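The values are calculated or read from the model by the stated rules, or taken from the named source; none is laboratory data. In this text, all values refer to a predicted model and were calculated from it rather than measured experimentally. When we count neighbours, we look across all protein chains shown, and the Cβ atoms used for this are built from the backbone with ideal geometry, even at glycine. Side chains are part of the model used for accessible areas, which takes the heavy atoms of the whole protein and leaves out ligands, DNA and RNA. Shrake-Rupley method; radii C 1.70, N 1.55, O 1.52, S 1.80 Å.
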Amino acid sequence: MLFRSPTSEPGRFFAKDPCVIRYKGRGYLYFSKQLIEENGYDRFVIGIAVSENLEDWEEAGVILPEQEAE
């Protein structure tokens, strides 16, 4: 399954390990999100998106790693 994360660049389809949880009528999507740092290195964080209909997603935030090994 290809999923376009809410923050993907146009034409770039990517969401690693997506997981949807339904809670009180809304969908919460957790996915690995790639960030490209100013130094050119990339890293992954956990992206969070929310949806009322499980088709249209709006990014709600990210969870940053607490240590380098995460």
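Quick notes on this one:
- For GLY11, the test of being surrounded by fewer than 15 Cβ atoms within 10 Å (Cβ to Cβ) and at pLDDT below 75 is passed.
- Members of the stretch 25-62 found to be at pLDDT 85 or above, open to solvent by 90 Å² or more (accessible area, probe 1.4 Å) and part of a loop (DSSP other than H, G, I, E, B), listed by number: GLU52
- In the stretch 14-24, the residue that is modelled with the highest pLDDT out of those that are in a loop (DSSP other than H, G, I, E, B) and open to solvent by 50 Å² or more (accessible area, probe 1.4 Å) is LYS24.
- Given (1) at pLDDT 85 or above; (2) open to solvent by less than 70 Å² (accessible area, probe 1.4 Å), number of the condition SER5 does not satisfy: (1)
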